[in-house]
Amino acid sequence: MFEALKKKGYQIEFVSHALAILQIDFPDAAAELEEVILRQSIPIEEIIGSGGGETKGTQRLRNGLTAKSWTKEIFTIKKTINDEPRESISHKVDHVRLVYRTGGKRDRIALEIEWNNKDPFFDRDLENFKRLHSEGGISLGVMVTRGTSLQDNILSLVRRWVDEKQIDTFERLSELGIEQTSRQRREVLRRVQRTRNPIPFRDAWASQFVSDKFGAATTHWRKLDDRIKRGVGNPCPLLLIGLPAAIVTFGEDPQEIKSLIEAGAQALEEDEE
């Protein structure tokens, strides 16, 4: 299962009998999911222009899932004692696939995408899955995040873009529609202008961007795997999908890229200190 994704470098892991559940109960939903994810790509300019936030590529993934009926749903769990309300808890899930089985029984698969959030969001999502599974709300949870190859190669990908665009000054970044906050400028200049072991602007900017936006404390495969090994979300069956470095593309249409970069400008403004 998901052999096409594996061939393209996606990380796939099944937890708590998730493979058997997908093969037996939800093969069509699994095929839909693979079809949508296989079509995904993210131009490097989207990663730069989004300031590290959710890219247009991630939005395309969300739209693709929605088109296949993986839609947002709010689950509300209410408990009563002798008809007296005692507890009401709501859980919002970004993508839920409703599946009808023989006899009219309804099952659900819940899916969350954590492209680049703070890593405690994994705890929230996995605990939501656990609670919904224990209450019979879902049969399976799916987590999609940056895979190991993408996390490990993000600096080299950004550095390649820097070289191709000959980024040697903040002015050059501005020409491409990419503005920097005061804090970002200070951090880069501190590395470039220091007396001992100064580094070239290209290295300073690329490393500052990646450490600032895609650091170890953000949502990526290793942080997810740490939680799975600690039993977070257990015993909810889980499918884990890691996005590979191969989905990042270069050489896209300049006009389209310009609009994508402009769309990310607000995220940078909100980071101003």
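If you filter region 155-172 down to residues that are of a type in the set (A, V, I, L, M, F, W, C) and under 30 Å from Q11 (Cα atoms), you find that the one that is most open to solvent (accessible area, probe 1.4 Å) is L155.
Only residues that are assigned to a loop (DSSP other than H, G, I, E, B) and charged (D, E, K, R) were counted in region 131-154, giving 1.
Residues checked against (1) at pLDDT 85 or above; (2) of a type in the set (A, V, I, L, M):
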residue: A31; (1), (2): yes, yes
residue: L38; (1), (2): yes, yes
residue: Q59; (1), (2): no, no
residue: R62; (1), (2): yes, no
residue: L65; (1), (2): yes, yes
residue: S69; (1), (2): yes, no
residue: I89; (1), (2): no, yes
residue: R101; (1), (2): no, no
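Of the candidates S134, S139, the single residue that is under 26 Å from the mean Cα position of the chain (by Cα), surrounded by fewer than 13 Cβ atoms within 10 Å (Cβ to Cβ), under 30 Å from R97 (Cα atoms) and touching a residue at least 40 places away in the same chain (Cβ under 8 Å) is S134. In region 155-169, is there at least one residue being among the hydroxyl-bearing types (S, T, Y), closer than 21 Å to K223 by Cβ and not in a strand (DSSP E or B)? For region 155-169, residues among the hydroxyl-bearing types (S, T, Y), closer than 21 Å to K223 by Cβ and not in a strand (DSSP E or B): present. Counting just the residues of region 208-253 that are aromatic (F, W, Y) and within 22 Å of L61 (Cβ to Cβ), which one comes out most open to solvent (accessible area, probe 1.4 Å)? Applying the filter and picking the extreme gives F250.
Residue-by-condition table, conditions (1) touching a residue at least 12 places away in the same chain (Cβ under 8 Å); (2) crowded, with 16+ Cβ neighbours inside 10 Å; (3) small (G, A, S):
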| site | (1), (2), (3) |
| --- | --- |
| L19 | yes, yes, no |
| Q23 | yes, no, no |
| A31 | no, no, yes |
| I37 | yes, yes, no |
| I44 | yes, yes, no |
| K56 | yes, yes, no |
| R62 | yes, yes, no |
| F75 | yes, yes, no |
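Table: residues versus (1) open to solvent by 20 Å² or more (accessible area, probe 1.4 Å); (2) of a type outside the set (F, W, Y); (3) closer than 29 Å to K223 by Cα; (4) modelled with pLDDT under 80.
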position	(1), (2), (3), (4)
T80	yes, yes, no, no
V93	no, yes, yes, no
R97	yes, yes, yes, no
G104	yes, yes, no, yes
K118	yes, yes, yes, no
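Close Cβ contacts (under 6 Å, 6 or more residues apart or on different chains) running from residues in region 244-265 that are within 25 Å of T145 (Cα to Cα) and part of a helix (DSSP H, G or I) to residues that are at pLDDT below 90 and open to solvent by 20 Å² or more (accessible area, probe 1.4 Å) comprise I247/Q40; I247/S41; L260/K56; I261/G177; E262/G177.
Looking at (1) open to solvent by 40 Å² or more (accessible area, probe 1.4 Å); (2) out of contact with any His (no Cβ under 7 Å at 6 or more places or on another chain); (3) modelled with pLDDT under 95, find the lone condition where D152 falls short. If we test D152 against (1) open to solvent by 40 Å² or more (accessible area, probe 1.4 Å); (2) out of contact with any His (no Cβ under 7 Å at 6 or more places or on another chain); (3) modelled with pLDDT under 95, just (3) comes out false. When region 136-184 is filtered for residues that are more than 30 Å from H91 (Cβ to Cβ) and among the aliphatic types (A, V, I, L, M), the ones remaining, listed by number, are I154, L155, L157, V158, V162, I167, L173, L176, I178.
The values are calculated or read from the model by the stated rules, or taken from the named source; none is laboratory data. These numbers come from a predicted model, not from an experiment. Every residue, glycine as well, gets a Cβ built from its backbone with ideal geometry; the counts of neighbours run over all protein chains shown. Note: accessible area is taken over every heavy atom of the protein model, side chains too, but ligands, DNA and RNA are not part of it. Shrake-Rupley method; radii C 1.70, N 1.55, O 1.52, S 1.80 Å.
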